[in-house]
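Below is one structure, written out as structure tokens; the observations come after it.
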Amino acid sequence: MKKDRFSIVRNRLIATKTYQLVLEGGGMVDGEFVHIAVPGFFLRRPLSICDKEAGRLTIVYKVVGEGTRALSEMKEGTVLEVLTGLGRGFDPDACRCEALLVGGGLGAAPLYLLARELKAQGKKVTVVLGFNTADEIVMVREFEDICDTVAVSTLDGSVGVKGFVTDAIAGMARSYDYFYTCGPVVMMKAVCGMLECPGEASLEERMGCGAGFCYGCSIETKNGPRRVCKDGPVFKKEELLW
Amino acid sequence: MVKDLTVDLCGIRLQNPVIPASGTFGFGLELSGAFDLNLLGGISLKGTTREARYGNPTPRIAECDGGMINSVGLQNPGIDVLVNEKVPALRRAYDGCIVANISGFSLDEYKECCAKADACEGIDIIEVNISCPNVHNGGMAFGTSAASAAEVTAAVKSVCRKPVFIKLSPNVTDIVSIARACEDAGADGLTLVNTFLGMRIDIARRKPVIANKMGGFSGRAIFPIALRMVYQVAHSCRIPVMGCGGVATARDVIEMMMAGATAVQVGAENIRNPYACPEITADLPSVMEELGINTLKEIIGTV
């Protein structure tokens, strides 16, 4: 864990209530998520890293409460205090050659960095992204630029397959040796249930410290209690009790 | 001039008065990669019970203006893991004062756990939590009457040679009478205050934010109330007090000490800033300089 200062170089609306935040500062950042101090709020906001390079971080977040609303109103040049090096992320090495990435809504964001890493390792990457409606769609073009196959589902059928991500997966008739998923719990549960190959899921929980010492975000797993912020947020399918 | 930050807690010399409060610093080693733990005057470990506990269902954290509510509910690996694994591991990385925080659901459980902590070489002080708001039929029930607080104190003292601090609840009508009862029953010191019972409602979902409905409120917002209680207790008892509640800055530490605290615990502030304790300690000398203080322990209880 490290505490650093980053300045906002971009903070723009890219879909309904959804913002792309680009931060500059520090060196190469480790970890799965960052914990951002929003002035005026007691606790930090844990947000997944969508993409990174040395000195630059991209985050895609949704306004879900007062804290993220305040963050969305911050102008370019504002300096934020950020904890980095947090969380255990996806394991690209767990996939041998063909990966399926399944994102629901904003769950697409952390899968992007994973997709880049998998492609850098020469693996085949199929991505399925699910959204409620067309105006919530994010990241599809970015994934199309780097992945082998990208499919989209929307609940209202306005774009791609009408229905859930599971409907899109069922219609693809391909085999994968490993899957990675991030999104609403009901979706991840359905994905873990329908796919026979091993895989992992990124969970979300209300966090306190974000660094594994307050034990606010613990979940029960087959291996006993685990902290979502420190032992996760990514857990193997077979560890999860749901 | 070099500032003297040391304090003496029941014969134990602390290099500075700043101690992360129980439950806000895990078992210490979780933070060993973040900064040098030896910058801390002491560390109060996460509350420990006889058996391992998962705690309460999530969500068990809720944000508030100036603080937070937690209902973690004493998640811990049990006293045997504490004394056999957690403390020896922390001892290898940390030379300062280790405070074991013990909770229980019966007098027997308090006695058994405290005896094990007393026998554990790495532990310097035993802090007995009779004030956890997050567990039913235990914890706070003992801390809300003078008679039961005294009963726990006497029971624990009968099995301990090390200094015993009783951690008091602020959710009482008269904290001074409970503090005095603990002192009369043999307590070596007092820690106050634990969290205030609080609640938040998610007005969109029309449900409590916390799965357990209520939890303990802590953070900057409680500082004036905690300070008042530390002042009242320190001026009514002869045993040392560890002041706790809403401390976030070096100035707060000095204020708590002027109110009567010999050492000062930092709680919820660690959750928002894991570096809070070393930052506060680093700020102390310049604030002392500004206030004309050379020896920190000389200000204890001077107001």
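Observations
Residues are listed down the side, and each one gets a yes or a no for (1) within 12 Å of another protein chain (Cβ to nearest Cβ); (2) more than 27 Å from residue B:184 (Cα to Cα); (3) touching a residue at least 12 places away in the same chain (Cβ under 8 Å):
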site: B:199; (1), (2), (3): no, yes, yes
site: B:236; (1), (2), (3): no, no, yes
site: B:243; (1), (2), (3): no, no, yes
site: B:253; (1), (2), (3): no, yes, yes
site: B:260; (1), (2), (3): no, no, yes
site: B:270; (1), (2), (3): yes, yes, yes
site: B:292; (1), (2), (3): no, yes, no
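- Among the criteria (1) under 24 Å from residue B:116 (Cα atoms); (2) of a type outside the set (Val, Ile, Thr); (3) not in a strand (DSSP E or B), the one residue B:171 does not fulfil is (1).
- The single condition among (1) over 30 Å from residue B:73 (Cα atoms); (2) within 20 Å of the chain's Cα centre (by Cα) that residue B:224 does not satisfy is (1).
- Strands (runs of 3 or more DSSP E) wholly inside the stretch B:56-132 containing at least 2 residues that are within 14 Å of chain A (Cβ to nearest Cβ), under 19 Å from the mean Cα position of the chain (by Cα) and not charged (D, E, K, R): B:67-70
- Counted as qualifying within the stretch A:129-242 are the strands (runs of 3 or more DSSP E) with 3 or more residues that are not β-branched (Val, Ile, Thr), namely A:178-182, A:199-202, A:224-227.
- Residue count for the stretch B:29-48 satisfying the condition of being within 15 Å of residue B:267 (Cβ to Cβ), within 12 Å of chain A (Cβ to nearest Cβ) and in a loop (DSSP other than H, G, I, E, B): 3.
- Residue pairs meeting the criteria (Cβ under 6 Å; at least 6 apart or on separate chains; first of a type in the set (A, V, I, L, M), in the stretch A:20-41; second surrounded by fewer than 18 Cβ atoms within 10 Å (Cβ to Cβ) and modelled with pLDDT under 95): A:28/A:54
- When A:155, A:195 are screened for being away from chain B (no Cβ under 14 Å) and surrounded by 15 or more Cβ atoms within 10 Å (Cβ to Cβ), only A:195 passes.
- Selected residue [surrounded by 20 or more Cβ atoms within 10 Å (Cβ to Cβ) and free of Cβ contacts under 8 Å to residues at least 24 places away in the same chain] from B:42, B:26, B:73: B:26
- Taking the stretch B:190-303 as the region of interest, the helices (runs of 4 or more DSSP H) fully inside it that hold 3 or more residues being small (Gly, Ala, Ser), modelled with pLDDT of 95 or more and more than 26 Å from residue B:149 (Cβ to Cβ) are B:276-291.
The values are calculated or read from the model by the stated rules, or taken from the named source; none is laboratory data. Remember, predicted model here, so these are calculated numbers, not experimental data. A quick note on method: Cβ atoms are made from the backbone with ideal geometry, for glycine too, and the neighbour counts reach across all protein chains shown.
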